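Asks: Got a structure for you, written out below as structure tokens; questions coming shortly.
The values are calculated or read from the model by the stated rules, or taken from the named source; none is laboratory data. All of these numbers come straight from a predicted model, not from anything done at the bench. Heads up, the Cβs are rebuilt from the backbone with ideal geometry, glycines too, and the neighbour counts pull from every protein chain shown. Quick note on the areas: whole protein, heavy atoms, side chains included, nothing else; ligands and nucleic acids left out. Shrake-Rupley method; radii C 1.70, N 1.55, O 1.52, S 1.80 Å.
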Amino acid sequence: MKNIIFLAPPAAGKGTLSEMLVEKYGYGHISTGDLLRNEIKKQTDLGKKVESLMKDGKFVSDDIIIELISKRIMESDCENGYILDGFPRTLVQAEKYDEMLNKLGKNLGVVIYIDIDKQTAMKRACSRITCPKCGRIYNKYSNEMKPKHDGMCDDCKVSLIQRADDSEETFAKRFDEYVQKTMPLYDYYKNKGVLKTIKAYESKYDTFNEAVKIIEG
Ligand code: AMP
């Protein structure tokens, strides 16, 4: 299986699409955001260090992220292919990741850019709720993505929470970080000939079908 990198602004649907592709193909799922939120939840030294940065919509340092990724891609669930959801997010990360792959003799795979406008992404971020136990992503205003019972995870039956960085104000900062630091990766991967684009449709199934065409094409 080809590894996948999702390149997209915050709240474009990377997490939801990853969940669906993991279920269909059995990919390992590497979400740097989830890895960091887990450190915060456990209040590890790393978690304490990154908590306020993340709440403020700022990027965590490249060194920390590279260290997390280099360990995570070696885990057994990633052996047959994995999805990078939220990494790389800077040119330095992309270059370091290339070095990592060279050393391991692995291929980059495909980079899927999810096209979405700022207003739509902002609306999605502000109505997004997640399960603190299993991480499943819901959306209050989407018929497809709302929970069966208001505010409760369908599977775990625990109360859903809003991410600390999903407020309107923090979203704007995260989007600015994305434009400034992550958008240059679009050309970086386009020049390597590995970039494909899909649209963030209103229905997650439409977006999913486009991703499947790329993976199987
Ligand atoms: P996400 O869950 O992908 O939206 O990430 C949430 C937050 O985690 C981001 O706003 C950053 O603060 C931090 N983060 C996640 N991945 C990275 C990365 N690759 N580089 C820097 N910061 C990251």
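Asks: In nm, what is the difference between 0.36 nm times the number of residues separating ASP150 and LYS48 and their Cα-Cα distance?
Replies: Difference between extended and current length: 33.6 nm.
Asks: Same structure, new question: Would you mind checking the pairs LYS58/LYS140; LYS42/LYS199; LYS140/LYS192; LYS2/LYS49 and listing those with alpha carbons more than 32 angstrom apart? Can you show the working numbers first?
Replies: Values: LYS58/LYS140 26 Å; LYS42/LYS199 36 Å; LYS140/LYS192 39 Å; LYS2/LYS49 34 Å.
Flagged as over cut-off: LYS42/LYS199; LYS140/LYS192; LYS2/LYS49.
Asks: Which entries of LYS103/LYS196; LYS96/LYS196; LYS71/LYS157; LYS24/LYS133 show an alpha-carbon separation above 27 angstrom in the structure shown? Write down the numbers at each step before the final one.
Replies: On the way: LYS103/LYS196 25 Å; LYS96/LYS196 22 Å; LYS71/LYS157 32 Å; LYS24/LYS133 22 Å.
Checking Cα-Cα distances, LYS71/LYS157 exceed 27 Å.
Asks: Do the sum for the chain: with -39,500 (n - 2.57) for every DSSP H run of n ≥ 4, divided by all residues, what is the mean residue ellipticity at 222 nm, to the nearest 500 deg cm²/dmol? Could you put the intermediate results ahead of the total?
Replies: Numbers: 9 runs with 99 residues, N = 217.
Calculated from helices alone, the mean residue ellipticity at 222 nm is -14000 deg cm²/dmol.
Asks: Using the heavy atoms of the protein chains and a 1.4 angstrom probe, tell me the accessible area per residue for the chain in square angstrom. Spell out each step's value before the answer.
Replies: Details: 11550 Å² over 217 residues.
The answer is 53 Å² per residue.
Asks: Could I ask something else about it? Between ALA172 and SER61, how high is the FRET efficiency from 1/(1 + (r/R0)^6) when r is the Cβ-Cβ distance and R₀ = 25 Å? Nearest 0.05.
Replies: Details: r = 22 Å, r/R0 = 0.87.
Efficiency for this residue pair is about 0.70.
Asks: Alpha carbons only, please: Rg and Dmax for the chain, in angstrom.
Replies: 16.5, 48
Asks: Continuing with this model, one more query. Sum up the charges of everything whose Cβ sits under 12 Å from the Cβ of ALA11, counting Lys and Arg as +1 and Asp and Glu as -1, but leave ALA11 out.
Replies: Details: positive: LYS14, LYS118, LYS123, ARG124, ARG128, ARG163, ARG174; negative: ASP117, ASP165, ASP166, GLU168.
Summing Lys/Arg as +1 and Asp/Glu as -1 gives +3.
Asks: Next question. Evaluate E = 1/(1 + (r/R0)^6) for ASP77 and VAL194, where r is the Cβ-Cβ distance and R0 equals 25 Å; express this FRET efficiency to the nearest 0.05. Don't skip to the answer; put the middle values down first.
Replies: On the way: r = 23 Å, r/R0 = 0.92.
The value I calculate is 0.60.
Asks: Which residue fluctuates the most in the chain, going by a Gaussian network model with Cα springs under 10 Å, if the choices are GLY28, GLY15, GLY81?
Replies: GLY81
Asks: Which parts of the stretch 173-188 would a label at LEU91 reach, counting a residue when its backbone N lies under 13 Å from a point 7 Å out along Cα-to-Cβ?
Replies: Flagged as within label range: 180-188.
Asks: First select every other residue whose beta carbon is under 9 angstrom from the beta carbon of GLU144; then total the charges, Lys and Arg +1, Asp and Glu -1.
Replies: Working: positive: LYS146, LYS204; negative: GLU202.
Every neighbour counted, the sum reads +1.
Asks: When the Karplus curve 6.51 cos²θ - 1.76 cosθ + 1.60 is applied with θ = phi - 60°, which whole-Hz ³J(HN,Hα) does each residue of the stretch 196-207 get, with x for Gly and Pro?
Replies: Along the stretch 196-207, the couplings run 10, 10, 10, 9, 7, 6, 5, 8, 5, 5, 5, 5 Hz.
Asks: Starting from the exponent 0.38 and prefactor 2.2 Å, build the expected Rg for the stretch 66-106 from its residue count and divide its actual Cα Rg by it.
Replies: Output field value: 1.11.
Asks: Still on this structure: Given points 7 Å out from each Cα along the Cα-Cβ axis, report the ASP98 to THR120 separation in nanometres with one decimal.
Replies: 3.1 nm
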